[in-house]
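Encoded as structure tokens, the structure appears first; notes follow it.
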Amino acid sequence: MSEWLENHLPKMVLAPSFIAVLVFVYGFIGWTAWVSLTRSKLLPRYEIHGFIQYDRLFASPRWDTAMNNLFIFGALFIVIAMVLGLLLAIMLDQKIRTEGVIRTIYLYPMALSMIVTGTAWKWILNPGLGIEATVRGWGFENFSFDWVVNPDFAIYTIVLAAVWQSSGFVMALFLAGLRSVDGEIIKAAQVDGIPTWRIYTAIIIPSMAPIFLSAFIVLAHLAIKSFDLVIALTGGGPGYATDLPATYMYAMAFSRGDIGQAASSAMIMMLVVFAIVVPYLYSELRAKTDG
Amino acid sequence: MKRSAFAAVSTIALISASAVVAEPQAEVLHWWTSGGEAKSVAVLQQEFADNGGTWTDMPVAGGGGDAAMTALRARVLSGNAPTAVQLKGPAIQEWYEEGVLADISSVAEAEGWADVLPASIAGHMKCDGSWCAAPVNVHRVDWIWANADVLESNGIAMPTTWDEFNAAAEKLAAAGVIPLAHGGQAWQDATVFEAVALGILGAEGFHKAFVELDEATLTSDAMVAVFDQMRTMRGFVDANFSGRDWNLATAMVMNGEAAFQIMGDWAKGEFMAAGKVPGEDFLCASTPGDGFLYNVDSFAMFEVDGEDKKAGQELLAELIVGPSFQEVFNLNKGSIPARTDVSLDAFDSCALLSAADMQASSENGSLLPSYAHGMALRGAQSGAITDVVTAHFNSDMSSADAVAQLAQAVANSY
């Protein structure tokens with residue numbers, strides 16, 4: 001009996017969460033896929049109508065804008081947050097005296113919710129209240145910084161706020177990575193008279209590849225599911241210039257009673273996530289079997 | 001505080017009325033939770049309790065009713081619909097088609113609703129010929145509000161055509177006043193747009209475009225002119241308008257920073273709350289052009305089990321359309337009664353104008369549903385139009401492109 005328990009206890013303990021994941025994640029992905037093939041409006045219906053919702057989705061200029069915004073936002077957010085995070089981490093790694101304090105300061109934005117970040121930046125960027133008004137108040141009458149109300153530039157304000165929020169967290173990740181590099185190798189390089197920047201580019205950064213991958217995955221999924229920041233900062237505006245797929249889906253499902261359309265946009269979002277995560281999982285699994 | 005007082009009152013009513021067999025029960029889903037609105041719905045709660053009913057309040061705030069609709073969807077799908085739900089416009093028929101609405105024709109016929117409600121508003125309350133919803137109020141959407149002092153000191157009269165409006169706005173801009181207070185949110189862009197469309201297309205054209213979705217009208221030259229006027233209006237708002245809430249825009253008119261605002265009569269509530277007097281401190285008029293765009297709040301009754309709940313629906317429907325509630329509620333809310341035989345003695349001059357115009361436009365067929373406030377079209381179609389309107393207003397899109405996109409967006413919305 002006790003032997004049987006010993007063998008089966010792990011499975012029994014894991015079973016509830018396994019079933020929960022099966023139903024609430026994969027079950028509902030399947031349900032959404034089904035609904036995305038129907039003409040569901042206010043309530044879900046289950047008669048299949050082919051790919052009509054996807055045709056509608058790809059014919060919608062608003063969805064186009066949302067996808068373009070996702071790529072602009074995603075690319076800039078990930079690249080800038082990683083570059084800034086790395087630079088901050090390297091600077092902090094110079095064995096400076098107040099490291100603890102500075103590290104805390106840079107990490108703090110991460111403690112705020114995106115809603116708070118979005119609202120604060122909305123006021124900072126507002127031409128009548130924030131930076132523009134302040135600089136003009138100093139006497140520079142021609143100073144202009146109206147990105148948040150300019151449909152062509154508003155998406156960059158989202159990048160700005162998101163980078164501000166997340167680069168401290170990326171810094172912490174990289175700092176841990178820098179600290180994990182074997183000190184012996186670095187000392188050996190220093191003895192050989194190799195300049196510091198070469199030590200970083202040729203030894204330390206290459207040995208941190210897994211950290212880069214982790215940071216990328218974390219930032220990429222933050223970018224794809226971004227919703228609250230847009231709602232707080234611009235509300236998707238001006239017009240729908242800062243719409244992202246997540247806000248599009250919300251509008252269709254909850255404001256317009258167009259559930260089929262919302263489901264099809266959710267499926268496309270999931271495919272984008274898959275396109276990023278599957279290669280990652282593949283490389284992870286391959287590394288495991290190789291080892 | 002108030003709420004708990006009402007809870008106490010209804011508990012007493014519950015105890016005293018426990019002898020009655022089918023005691024009316026109503027669970028009411030609504031999103032009237034802010035100041036004046038909460039006060040207005042409390043009036044209904046009170047009347048319901050006075051008539052021996054038990055009211056279960058289910059307020060769901062957020063997203064202009066989006067959150068309440070999500071809650072409703074969950075309740076209907078779980079087979080446990082609320083007794084009555086704040087619903088309006090074609091959404092009533094949309095829910096009816098899902099087969100979940102109850103028939104309240106017996107109350108409507110006994111109370112003679114058909115005789116006291118304007119025909120086009122009564123139309124919204126019917127599903128396949130039977131009554132399924134009760135109207136609460138009539139908001140007029142096509143209002144233009146103005147700061148009286150600003151107009152007087154610049155020698156401007158309330159505009160009666162869009163050309164007059166443009167001329168006045170240019171004069172005001174030259175004088176350093178923001179001509180039009182506006183908040184750059186999609187629904188506010190749509191509100192201005194439909195007022196302009198009513199003025200330029202006329203009542204018949206408006207009906208064709210935004211009720212029938214007639215493609216020829218949507219792509220007509222007149223529609224191009226509507227977008228041209230929107231482009232002109234874009235020049236009359238300040239640089240800072242993006243994302244501004246409507247009540248902040250109203251405040252700009254109130255303190256003389258801006259001259260005009262185009263907004264439904266809920267804006268009047270803001271003026272009144274600040275102690276301003278209509279006709280003296282601020283002026284109200286219909287936007288240039290003939291017609292009346294209404295936004296009618298109503299309660300739809302859902303199919304429920306149990307005699308007590310059905311009795312609750314009937315009592316609720318009777319009270320909602322009853323003259324005393326229509327008067328008290330609308331005094332609180334800033335709108336006008338949906339029934340035309342209510343005494344208007346206690347109402348202000350703007351409400352009197354609204355009521356007179358509603359009567360007149362009902363007779364000549366220009367009493368029209370507001371598209372921007374979900375009265376004319378279903379969510380998917382009105383949303384598609386709003387997307388084009390707001391994209392045009394907030395970019396440098398040409399009017400011709402906007403019209404082409406409009407027809408395409410409407411076709412793509414089914």
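None of the figures in this text is laboratory data; all of them are computed from the coordinates on show. In this text, all values refer to a predicted model and were calculated from it rather than measured experimentally. Every residue, glycine as well, gets a Cβ built from its backbone with ideal geometry; the counts of neighbours run over all protein chains shown.
Counting only DSSP beta bridges with both residues in chain B, tell me the antiparallel percent, nearest 5.
Values: 21 of 36 bridges.
Here the share of antiparallel DSSP bridges comes out near 60 percent.
From other protein chains only, count the Cβ atoms within 10 Å of every residue's Cβ in B:186-192, then give the mean.
Details: counts 8, 1, 0, 3, 0, 0, 0.
Taking the mean over all residues of the peptide, I get 2.
Given the rule -39500 (n - 2.57) for each run of at least 4 DSSP H residues, summed and divided by the residues of chain A, what is its mean residue ellipticity at 222 nm, to the nearest 500 deg cm²/dmol? It would help to have the intermediate numbers written out before the result.
Working: 13 runs with 192 residues, N = 291.
After summing the helix terms and dividing by the residues of chain A, the value is -21500 deg cm²/dmol.
Taking chain B, how many lysine pairs are there with alpha carbons less than 17 Å apart, if each pair must be eight or more places apart or span two chains?
Details: B:Lys2/B:Lys39; B:Lys39/B:Lys268; B:Lys39/B:Lys333; B:Lys88/B:Lys126; B:Lys88/B:Lys333; B:Lys268/B:Lys276; B:Lys268/B:Lys333; B:Lys276/B:Lys333.
Qualifying lysine pairs in chain B: 8.
With a 10 Å Cβ neighbour count serving as the proxy for reagent exposure, in which order, fewest first, do B:Lys309, A:Lys41, A:Lys11 appear?
Result, fewest neighbours first: A:Lys11, A:Lys41, B:Lys309.
Starting from the 7 Å offset along Cα-to-Cβ, what nm value, one decimal, do you get for the label separation of B:Asp214 and B:Ser324?
Inter-label distance under the simple model: 4.6 nm.
Mind listing the phi-derived Karplus ³J(HN,Hα) values for the stretch A:25-36, rounded to whole Hz, using 6.51, -1.76 and 1.60 with θ = phi - 60°, and x for any glycine or proline?
9, 6, x, 6, 5, x, 4, 4, 4, 4, 4, 5
At 7 Å along the Cα-to-beta-carbon direction for both A:Ala20 and B:Ala110, put a label point, then send me their distance in nm to one decimal.
So the label points at A:Ala20 and B:Ala110 sit 5.1 nm apart.
Averaged across the residues of B:371-383, what count of C-beta atoms belonging to other chains lies within 10 Å of each residue's C-beta?
Values: counts 0, 0, 0, 2, 0, 0, 0, 5, 9, 9, 2, 1, 8.
Whole-number average of other-chain Cβ neighbours for B:371-383 is 3.
Quick one: length gained pulling A:His221 to A:Ala209 fully straight, 0.36 nm per residue minus the C-alpha distance?
Values: separation 12, 0.36 × 12 = 4.32 nm, distance 1.87 nm.
Value of the extension gain: 2.5 nm.
Find the relative contact order for the stretch A:155-291 and round it to a whole percent, using C-alpha pairs within less than 8 Å whose residues are 6+ positions apart.
So the answer I get is 19 percent.
Along the charge dipole of chain A, Cβ charges K/R +1 and D/E -1, which of A:Ser144, A:His49, A:Ala287 sits furthest on the positive end?
Farthest towards the positive pole: A:His49.
Counting Lys and Arg as +1 and Asp and Glu as -1, each charge on the Cβ, what is the dipole of the protein assembly as shown about the Cα centre in debye, to the nearest 20?
Details: 38 positive and 72 negative charges, 602 e Å.
The calculation lands at about 2900 debye.
As an exercise, use a Förster radius of 51 Å and the Cβ-Cβ distance of B:Ala239 and B:Glu363 to find the FRET efficiency, rounded to the nearest 0.05.
Working: r = 44 Å, r/R0 = 0.86.
Efficiency, rounded to the nearest 0.05: 0.70.
For B:Tyr414, A:Tyr248, what's the fewest-to-most ordering of other Cβ within 10 Å of each Cβ?
On the way: B:Tyr414 14, A:Tyr248 27.
With the fewest neighbours first, B:Tyr414, A:Tyr248 line up as B:Tyr414, A:Tyr248.
Can you give the average number of partner chain beta-carbon atoms within 10 Å of each beta-carbon in peptide A:250-262, as a whole number? Intermediate results must be reported in sequence, preceding the final value.
Details: counts 2, 5, 3, 3, 8, 11, 11, 9, 8, 1, 1, 4, 0.
Averaged over the peptide's residues, the number is 5.
About the Cα centre, and with charges only on the beta carbon of Lys, Arg (+1) and Asp, Glu (-1), how big is the dipole of the stretch A:63-290? Nearest 20 debye, please.
Working: 12 positive and 15 negative charges, 95 e Å.
Roughly 460 debye for the stretch A:63-290.
What cysteines in chain B have no other cysteine with a beta carbon less than 4.7 Å from their beta carbon?
So, none.
Normalised by the number of residues in chain B, what is the relative contact order in percent for Cα pairs under 8 Å and 6+ residues apart?
27
Using a 7 Å offset from Cα along Cα-Cβ at B:Glu164, what residues in the stretch B:179-221 end up with backbone N under 18 Å from the label point?
Flagged as within label range: B:180, B:195-203.
Just want to confirm a number: the relative contact order over the stretch A:63-290, from Cα pairs under 8 angstrom separated by 6+ residues, in percent. Write down the numbers at each step before the final one.
On the way: 249 pairs, mean separation 67.4, N = 228.
Here the relative contact order equals 30 percent.
Under a point spin-label approximation (7 Å from Cα along Cα-to-Cβ), what is the A:Ala176-B:Ala67 distance to one decimal in nm?
3.5
Go ahead and collect, in residue order, the members of the stretch A:66-89 whose backbone nitrogen is under 16 Å from a label point 7 Å along the Cα-Cβ direction of A:Glu99.
The answer is A:86-89.
With r as the distance between the Cβ atoms of A:Tyr46 and A:Asn142 and R0 = 56 Å, compute the FRET efficiency 1/(1 + (r/R0)^6) and round to 0.05.
Details: r = 61 Å, r/R0 = 1.08.
With R0 = 56 Å, the Cβ-Cβ based efficiency is 0.40.
Quick one: if the Förster radius is 45 Å, what FRET efficiency do A:Ile185 and A:Leu9 give, using the C-beta to C-beta distance and rounding to 0.05?
Details: r = 44 Å, r/R0 = 0.98.
Between A:Ile185 and A:Leu9 the formula returns 0.55.
DSSP beta bridges in the protein assembly as shown, what fraction antiparallel, as a percent rounded to 5? Please report the intermediate quantities before stating the final value.
On the way: 22 of 37 bridges.
Restricted to the protein assembly as shown, the bridges split so that about 60 percent are antiparallel.
What's the angle, to the nearest 10 degrees (0 to 90), between helix B:221-234's Cα axis and the longest principal axis of chain B?
Here the helix axis deviates by roughly 80 degrees.
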